[in-house]
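The values are calculated or read from the model by the stated rules, or taken from the named source; none is laboratory data. Predicted, not measured: the structure shown is a model, and the values here were computed from it. Cβ placement follows ideal geometry from the backbone for every residue including glycine, while neighbour counts extend to all protein chains displayed.
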């Protein structure tokens, strides 16, 4: 049994030597003990797991939004096409309205011009009539035997 105890004692010394060697290296990394390394490693794993879960949730949210956009895409395209059609129709109606206004303005100007010409002709006719009447009246006064 002594040899067994001696073997265990030798293994213990080897393990202690390895531990001491590791403990010598640990202060170089900024950790005070192996327990600190294990604690930091565990904390880093937890943090990495939380970050992975957050990324997965973010990815799921993005996929949900993308599915909703794909679902609504035909409606959006239809609305866009309808808006474009309305814009085109509004432009055509505006052009027609402008043409009608221009035509109406031309017709009004022609009517005014025609009225002015008619008034001018009537004025000239009245002047001509007056001249004729004045001339005829003057002739009656100059005829011999009338009086």
- Note on the structure: Only one of 132, 93, 69 is in a helix (DSSP H, G or I), in contact with a helix residue (DSSP H, G or I) (Cβ under 9 Å, 6 or more places away or on another chain) and free of Cβ contacts under 8 Å to residues at least 60 places away in the same chain, namely 69
- Task: Search the range 37-65 for residues that are surrounded by 10 or more Cβ atoms within 10 Å (Cβ to Cβ) and pair each with any residue that is modelled with pLDDT under 95 when their beta-carbon atoms are under 8 Å apart and the residues are at least 6 apart or on different chains.
- Result: 37/26; 37/29; 37/31; 40/31
